[in-house]
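What follows is one structure encoded as structure tokens, with my remarks underneath.
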Amino acid sequence: MLRKVLDSFKFGDVLLADRYFCSFFMMAILKSRGVDVCMSLHQLRKVDYSRVKWLGDNDYIDTWYRPQRAKWMSPDLYHRLPERMDIRVVAFNTTSDNQIEPLTVVTTLLDHEKYPAAEIGKLYGYRWYAELDVFSIKQMLNLDHLRCKSPDMIRREFWTTLPAYNMARLVCAQAAFVHNKLARQMSFTIACNTLLSQWLMPPDESIRKTLGKHNLFQIACNEVGDRPGRIEPRVIKRRPKPYKLMTRPRRQYKPA
């Protein structure tokens, strides 16, 4: 649930997403609502290069056709979508750990003069922030495991955690503004620790202002590393412990 919600990243009027969302229906629905998209090409989609319109090296426009109606889609929505849609495809070579990896990006930004291929690649690179946001929310705010049982309580647990994340990011933005830095340079972990250490503010207003300025200074002094073009493998570093899974209530495991 968390991955589906946060794996997309809104940057201006362009929605950045990974290949999970790369489908005709998703792109057509977003385009009909005035939202352009920029996402990684799904690995199962095949390209007929004899029918594409080349704009430059590794930059072309392909025509996608509306597939059969999906089960989740109403007939009215299906017929309101266009039967065909022009999609721009740009291929890049990304570098990570001295290794060159291919990356193919699709977008509805068709004007190659207004949106050069290099700028499309730079734009899609901002989607990495979604990965960092998911990591921070799951690890720092302990949302990697939802503890509630009912769907209603799970939604409450989820939507009460996101405002806490936004509040911490707001303080990071304030620290960046005051000390003339970029908001994304601020460490989210340091910001949370700083805010928690000063959670109970004294009643004196002058002391609160002094502590507030000190907190912003502490947050601004702790920047994250600059790692452009970073690509992480989808592997687990820590091995699971050799314990059996709990399949019964805890009290049944205890001796009477």
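What follows is calculated from the coordinates using simple rules that are stated; it is not laboratory data. Because the structure is predicted, anything quoted here is derived from the model rather than measured. Every residue, glycine as well, gets a Cβ built from its backbone with ideal geometry; the counts of neighbours run over all protein chains shown.
Please build a GNM for the chain, connecting alpha carbons under 10 Å apart, and tell me which residue among 242, 75, 202 fluctuates the most.
Taking springs between Cα atoms under 10 Å, the residue moving most is 242.
Which residues does a label at residue 103 reach in segment 212-226, if reach means a backbone N under 17 Å from a point 7 Å past the Cα toward the Cβ?
226
Please state the charge dipole magnitude for the chain, taken about the Cα centre, from unit charges on C-beta atoms (+1 on K and R, -1 on D and E), reported in debye and rounded to the nearest 20.
On the way: 42 positive and 26 negative charges, 350 e Å.
I would put it at about 1680 debye.
GNM on the chain, C-alpha springs below 10 Å: top fluctuator among 40, 136, 197?
It is 197.
How much length would be gained if the chain were fully extended between residue 182 and residue 86, taking 0.36 nm per residue of separation minus their Cα-Cα distance, in nm to one decimal?
Details: separation 96, 0.36 × 96 = 34.56 nm, distance 3.60 nm.
Contour length minus the Cα-Cα distance gives 31.0 nm.
Gaussian network model of the chain, Cα springs within a sub-10 Å range: biggest mean-square fluctuation belongs to which of 189, 104, 160?
Largest GNM mean-square fluctuation: 160.
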